Amino acid sequence: MILVNGEHSELAPGATVQAVVARLGIEPEARGIAVAVDGEVVPRAAWGTFALSDEARVEVLTAMQGG
Amino acid sequence: MESAIAVEDAPLALGGLQLRSRLLLGTGGFPSMEVMADAIAASGTELVTVALRRVGSDARSARAGSLVQTLAAAGVAVLPNTAGCYTARDAVLTAQLAREAFETDLVKLEVIGDDDTLLPDAPELLRAAEQLVDDGFTVLPYTTDDPVLARRLVEVGCAAVMPAGSPIGSGMGIRNPYNLALVREAVTVPLVLDAGVGTASDAALAMELGCDAVMAASAIARAADPVRMARAMSAAVEAGRLARAAGRIPRRLYARASTPNEGLPELT
């Protein structure tokens, strides 16, 4: 089961990071977005080719107001 | 007067940035995005901090896209922080994600050691700083007012040190001005007072003690009138910097008349 921001996702293994980002309603060229998979940064250039394993933990992050 | 103006005009170099304003702003805690934008304008700041959080994590993240746009429209540079990280590992990964999201090598490195005080965990902070410097970051660490730790942070390559005057959001000001003065003596990199500012006089004192800049977040965002406080902080930072350059008079226990005694009449 792929976890996206701590929640179970219906995405099948082999889905790309790009697919995860798209499901969250984020445009591919949106600024201020970063993705980590299993504790490693996935650069934007690799979103379209990075395939997720069955146990992948995906974090999709963005800017938040903060000190 | 001539030299004071020259000092005031020297920009502050942080990484690749040349900052004319010596006030840094936190973007958290404002009642609305509009008030934040107005406070940024009133403060004259050119560098503001932002955090990185999960997309869709709460109602506020619906505004996340507009945060990036609002800051871009304000013409300010973004300083990502690692707020909420308790280990070097989490802080390093957060900084790497921030670099990816915001296309900047700058990071305000926070590695928190304690929920109640939000004071830094010194060993983890130093470890994270070293790794991030090696990874090419311009590291601006949030630290304590310990001059020895400040020197160690500079030794591993930090581009500035950002000591707390008192705990984050406490508004307690600079609890140990002597330590802050010692930190000023200990390092030559930019010194930025990072936490504890409650009102304008705290910012002025920081600059009088030799800080190169002041970071204010809650003090502005949670003031009754954030926009007015932003303006007050800006004036205080400028006043404090001018006073530092002007050279204050020494403190004396007894009075010293400013009116001369020569020519004093004998009236009785």
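Structure values in brief
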item: Exclusive hit being open to solvent by 20 Å² or more (accessible area, probe 1.4 Å), of a type in the set (Gly, Ala, Ser) and under 16 Å from the mean Cα position of the chain (by Cα), set B:Gly84, B:Gly136, B:Gly171, B:Gly165; result: B:Gly171
item: Top-ranked residue of the stretch B:6-29 - restricted to ones that are touching a helix residue (DSSP H, G or I) at 6+ places or on another chain (Cβ under 9 Å) and modelled with pLDDT under 85, ranked as farthest from B:Pro80 (Cα to Cα); result: B:Ala6
item: Odd one out for B:Ala129, checked against (1) more than 25 Å from B:Val78 (Cβ to Cβ); (2) in contact with a Pro (Cβ under 6 Å, 6 or more places away or on another chain); (3) of a type in the set (A, V, I, L, M, F, W, C); result: (1)
item: Any chance B:Leu93 is within 25 Å of A:Glu27 (Cα to Cα), crowded, with 22+ Cβ neighbours inside 10 Å and modelled with pLDDT of 95 or more; result: no
item: Residue count, the stretch B:101-133 (criterion: modelled with pLDDT under 95 and of a type in the set (Asp, Glu)); result: 4
item: Which numbered condition B:Leu79 misses (of (1) within 13 Å of another protein chain (Cβ to nearest Cβ); (2) at pLDDT 90 or above; (3) open to solvent by 30 Å² or more (accessible area, probe 1.4 Å)); result: (3)
item: Residue count, the stretch B:202-226 (criterion: farther than 20 Å from B:Asn179 by Cα and touching a Leu at 6+ places or on another chain (Cβ under 6 Å)); result: 0
item: Residue ranges of strands (runs of 3 or more DSSP E) in chain A with at least 1 members open to solvent by 20 Å² or more (accessible area, probe 1.4 Å) and more than 7 Å from every other protein chain (Cβ to nearest Cβ); result: A:40-42, A:57-65
item: In the stretch B:96-105, the residues that are assigned to a loop (DSSP other than H, G, I, E, B) and open to solvent by less than 50 Å² (accessible area, probe 1.4 Å); result: B:Thr104
item: The stretch B:106-123: number of residues that are open to solvent by less than 40 Å² (accessible area, probe 1.4 Å) and over 20 Å from the mean Cα position of the chain (by Cα); result: 0
item: Selected residue [touching a Gly at 6+ places or on another chain (Cβ under 6 Å) and either buried (at least 21 other Cβ atoms within 10 Å of the Cβ) or part of a loop (DSSP other than H, G, I, E, B) (or both)] from B:Ala219, B:Ala223; result: B:Ala219
item: Members of the stretch B:174-200 found to be small (Gly, Ala, Ser) and under 16 Å from the mean Cα position of the chain (by Cα), listed by number; result: B:Ala181, B:Ala195, B:Gly196, B:Gly198, B:Ala200
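The values are calculated or read from the model by the stated rules, or taken from the named source; none is laboratory data. No experiment lies behind these values; they were computed from the predicted model shown. Note that we place each Cβ from the backbone using ideal geometry, even for glycine, and neighbour counts take in every protein chain shown. Accessible surface areas use protein heavy atoms only, side chains included; no ligands, DNA or RNA. Shrake-Rupley method; radii C 1.70, N 1.55, O 1.52, S 1.80 Å.
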